[in-house]
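Readers should treat all values here as calculations from the given coordinates under stated rules, not as data from a laboratory. Small disclaimer: the values here were computed from a predicted structure and weren't measured. Note: ideal-geometry Cβ built from the backbone for every residue, glycine included; neighbour counts use all protein chains shown.
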Amino acid sequence: LRIGEGWDTHALVVGRPLVLGGVTIPHSHGLLGHSDADALLHAITDALLGAAGLGDIGRHFPDTDPAFAGADSAVLLQEAARRVRAAGWLPVNVDSTIVAQAPKMAPHIAAMRERIAALLGLAEAAVNVKAKTAEKMGPVGEGRSIETRAVCLLVRASGATSS
Amino acid sequence: LRIGEGWDTHALVVGRPLVLGGVTIPHSHGLLGHSDADALLHAITDALLGAAGLGDIGRHFPDTDPAFAGADSAVLLQEAARRVRAAGWLPVNVDSTIVAQAPKMAPHIAAMRERIAALLGLAEAAVNVKAKTAEKMGPVGEGRSIETRAVCLLVRASGATSS
Amino acid sequence: LRIGEGWDTHALVVGRPLVLGGVTIPHSHGLLGHSDADALLHAITDALLGAAGLGDIGRHFPDTDPAFAGADSAVLLQEAARRVRAAGWLPVNVDSTIVAQAPKMAPHIAAMRERIAALLGLAEAAVNVKAKTAEKMGPVGEGRSIETRAVCLLVRASGATSS
Ligand SMILES: [Mg+2]
Ligand SMILES: [Mg+2]
Ligand SMILES: [Mg+2]
């Protein structure tokens with residue numbers, strides 16, 4: 001067994017779509033970044049890579065690499081999960097939190113969960129997405145950014161060498 | 001096995017009691033919220049629900065519901081733990097951190113731990129509460145809020161269907 | 001099995017060395033603290049103590065104790081790991097994140113990982129260090145501080161009494 005954690009933040013700006021958990025959410029602002037800036041998928045990607053001892057998203061998908069400009073973070077998560085499996089690990093479950101002052105995330109949580117479960121080949125019961133505000137304080141609370149957090153549990157794939 | 005994580009923040013204001021980990025702490029300020037605003041119990045509640053794949057505290061106990069105005073977060077945590085057990089999971093351990101610039105938490109940690117263990121039906125050795133300051137920076141460091149963090153591990157209840 | 005989490009922050013100031021993950025990193029600023037202020041080792045220390053139900057770094061190594069002025073956090077981590085083992089637990093893996101706007105952490109990650117693994121008696125594959133910026137927002141993003149996060153998994157030492 002292995003556990004991993006991930007954290008991410010991106011700035012909220014006008015003129016970008018808001019993509020979180022692989023779902024596009026109608027909103028006045030979107031997240032700024034080299035890729036689609038899906039902070040939730042980035043935190044989950046980091047938790048998976050971290051648990052497997054494979055470094056971080058920046059090492060696997062450098063944001064200085066033009067190949068990843070505007071990248072679909074869902075594709076990056078799938079590729080990270082493939083590398084985690086190639087290292088002999090299978091995801092057991094993922095839990096995560098979006099911290100955002102707006103918009104309301106509740107209407108979109110079910111779609112995010114379904115999307116993340118499909119990307120990871122997990123049952124929906126093994127994927128969880130929570131949402132909080134920052135109570136109007138700090139960069140998130142002032143509507144300048146969104147933060148995300150994730151943890152995951154991995155188990156050795158049967159047939160993989162024990163370590 | 002399943003793992004979950006939780007995070008919470010509430011603003012510190014005058015004229016409210018400071019309740020953390022189910023313990024009332026003498027202080028000039030208290031946490032603002034719809035319930036008693038016990039940020040530590042909220043983070044632990046979210047970690048339990050998250051690990052079990054049951055969503056989050058806001059879905060189970062909406063802060064727009066008058067039934068939860070001034071609610072005792074200890075009652076909400078117990079009810080969340082009941083729902084987690086009903087879904088076939090038992091808590092193994094909980095670890096958590098309070099980030100607060102003031103007051104000193106150390107004198108109250110033992111009481112919080114005892115209270116949380118009793119609420120969850122866990123041995124005290126399986127519940128841990130840590131405390132940090134934010135080194136006088138950001139909303140927490142400026143004394144405007146308190147943040148909390150928690151993780152938990154769940155195991156399948158014997159007799160429950162494997163999943 | 002037990003899981004634990006840790007979080008830390010220290011202010012970045014001129015005139016101090018920057019020590020993270022037991023590695024001294026060339027930089028214009030360093031972290032301010034009673035010890036060497038190695039925020040990454042502090043978060044990992046807290047995750048280990050928290051998983052074992054042993055409280056926190058402040059209880060074991062009070063920053064009001066002159067014995068720990070300028071202390072090498074690597075020595076404190078080793079002593080914490082000794083106390084965790086004495087309580088009957090062995091570390092399985094550690095995952096962690098440094099959140100810093102500057103300097104670039106990537107060139108130093110391998111050395112940190114090697115150092116932490118050696119301090120904990122773990123294989124390097126069981127230790128992971130990730131790095132992120134705070135996207136220029138908040139105390140970390142404005143270059144005023146560095147934040148760190150860690151999780152760890154413990155297993156009962158063979159021969160230890162089950163609990
Ligand atoms: Mg990102
Ligand atoms: Mg709350
Ligand atoms: Mg520290």
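Quick notes on this one:
- Per-residue mean of foreign Cβ neighbours for C:48-59 is 6 (Cβ atoms of other chains, 10 Å radius).
- Spin-label model distance (nm) - B:LEU32 vs C:HIS60, 7 Å beyond Cα toward Cβ: 3.8
- Each of B:THR9, B:HIS27, B:ALA106 was placed along the dipole of the stretch B:1-152 (beta-carbon charges, centred on the mean Cα), and the one lying farthest toward the positive end is B:ALA106.
- Table column - 3J(HN,Hα) (Hz), the stretch C:37-51, Karplus curve with 6.51, -1.76, 1.60, x for Gly and Pro: 6, 6, 4, 5, 5, 5, 5, 5, 4, 5, 5, 5, 4, x, 5
- If you take the Cα centroid of the stretch A:78-147 and the Cα centroid of the stretch B:68-138, the two points sit 23 Å apart.
- In the stretch C:57-163, the DSSP beta bridges split such that about 60 percent are antiparallel, to the nearest 5.
- Positive-pole candidate from B:GLY159, B:GLY121, B:PRO139, dipole of chain B, charges at beta carbon: B:GLY159
- Across peptide A:95-108, the mean count of Cβ atoms from other chains lying within 10 Å of each residue's own Cβ comes to 3.
- Remark: mean inter-chain Cβ contacts per residue of C:133-143 equal 6, using a 10 Å Cβ-Cβ cutoff to other protein chain atoms.
- Shown is the FRET efficiency for A:ALA67 and A:GLU124, computed with R0 = 22 Å from the Cβ-Cβ distance and rounded to the nearest 0.05: 0.10.
- Once C-alpha pairs closer than 8 Å and six or more residues apart are averaged by separation and normalised to the residue number of chain B, the relative contact order reads 32 percent.
- Working from label points 7 Å from Cα in the Cα-to-Cβ sense, the B:VAL75 to A:ALA102 distance is 3.3 nm.
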